[in-house]
Amino acid sequence: MKPAKTRKSQVTRQNLLDAAHRVFREKGYHDTKVVDIIERAGCGHGTFYDYFKGKDDVLMALLSDLVLELERLSESAWVLLERMAFDDYQAVRILLRGIHDIFDRHGDLHNVYMEAAIENARFGGLFNDFHRRFSEILERKLLEMQAAGKCKDLDARIASQLLVTLIGFTVYGRQAGFISGSPEEVVENLALLIFRALNF
C-alpha cells in the first residue's frame, strides 16, 4: 500500500473510531447501532465494513488501551502484592489509587464496557477473565495472610472474588454518579474499608 493511501486509510479508520466513541458515550452499548456510527462519521456502510465487522468490533478497538493496561496490571499485580503488607494502610491506598487511575483514563467508556459485559458474551468473557485473574492473585495473598494468623474466618476464594467485584463496581459507581465524592475521597474510603476488613 502506498504511503498516501496508508495515511488516508488511517485517517478514515480514526474518523470511524472517533465517531463510534462519541455515539457509545451518548447512547451506551445497547442503544448504539452501526448506522448511528456511520451517520456520525459521515461515511457509507461499505466504508465502515471495510474496517470493522460491526459495533462489537469497533468497541473492542476503542477498549484496546484499557485491555492492554489491565493485562499489564494483572501481570505485575502479584509482584506488587508479594511486596505489600495488608497491614500497611498506605500500600493498600496506593494500589487502589493505581487501579482507579487506569479506569479514570478510560472513564468515558468504562460504563459502556460494563453494559456490554452484561449483554454480550464476547465482552462478558473478557470481563470474567480479568475478574478471575485478579481474584486468583488476591486469593494467594489472602492465603498468605491466613498463614500469618489474619483473616481466619474468611474463605479466601470467595473473599478475593468479593474484593475484586467491590473494587470494580466502586469505580463504575463513581463514574455513573451514584457514589459521591472525588476520586481521592472514594479511594481513601475504599482503602479504609478493605484495610480494616483484612486486619480484624
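The values are calculated or read from the model by the stated rules, or taken from the named source; none is laboratory data. Computed from a predicted model, the values in this text were never measured in an experiment. When we count neighbours, we look across all protein chains shown, and the Cβ atoms used for this are built from the backbone with ideal geometry, even at glycine. With ligands, DNA and RNA removed, areas are computed over all heavy atoms of the protein, side chains included. Shrake-Rupley method; radii C 1.70, N 1.55, O 1.52, S 1.80 Å.
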### Task
Restricting attention to helices (runs of 4 or more DSSP H) lying wholly within the range 1-51, give those where 1 or more residues are out of contact with any strand residue (DSSP E or B) (no Cβ under 6 Å at 6 or more places or on another chain) and in contact (Cβ under 8 Å) with a residue 40 or more places away in the chain.
3-31
### Summary
Note on residue 34: of the conditions (1) touching a Gly at 6+ places or on another chain (Cβ under 8 Å); (2) at pLDDT below 95, unmet is (2)
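What do you reckon, is residue 195 over 26 Å from residue 109 (Cα atoms), part of a helix (DSSP H, G or I) and in contact with a helix residue (DSSP H, G or I) (Cβ under 8 Å, 6 or more places away or on another chain)?
Yes.
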### Message
I'd like the full set of residues that are touching a helix residue (DSSP H, G or I) at 6+ places or on another chain (Cβ under 6 Å) and assigned to a loop (DSSP other than H, G, I, E, B), limited to the range 167-187.
### Response
179
### Message
I'd like the full set of residues that are assigned to a helix (DSSP H, G or I) and open to solvent by 20 Å² or more (accessible area, probe 1.4 Å), limited to the range 142-166.
### Response
143, 144, 146, 147, 157, 158, 161, 162, 163, 164, 165, 166
### Message
Pairs needed: first member in the range 127-140, free of Cβ contacts under 8 Å to residues at least 12 places away in the same chain; second member anywhere, open to solvent by 60 Å² or more (accessible area, probe 1.4 Å) and of a type outside the set (Val, Ile, Thr); C-beta distance under 9 Å; at least 6 residues apart or different chains.
### Response
132/161
### Task
Take the range 175-200 and flag every residue that is open to solvent by 40 Å² or more (accessible area, probe 1.4 Å), touching a residue at least 12 places away in the same chain (Cβ under 8 Å) and in contact with a Gly (Cβ under 9 Å, 6 or more places away or on another chain).
175, 188
### Query
Within the set of pairs 6+ apart or on separate chains, which have a first residue in the range 142-158 that is at pLDDT 90 or above, a second that is among the aliphatic types (A, V, I, L, M) and open to solvent by 50 Å² or more (accessible area, probe 1.4 Å), and C-beta atoms under 8 Å apart?
156/143
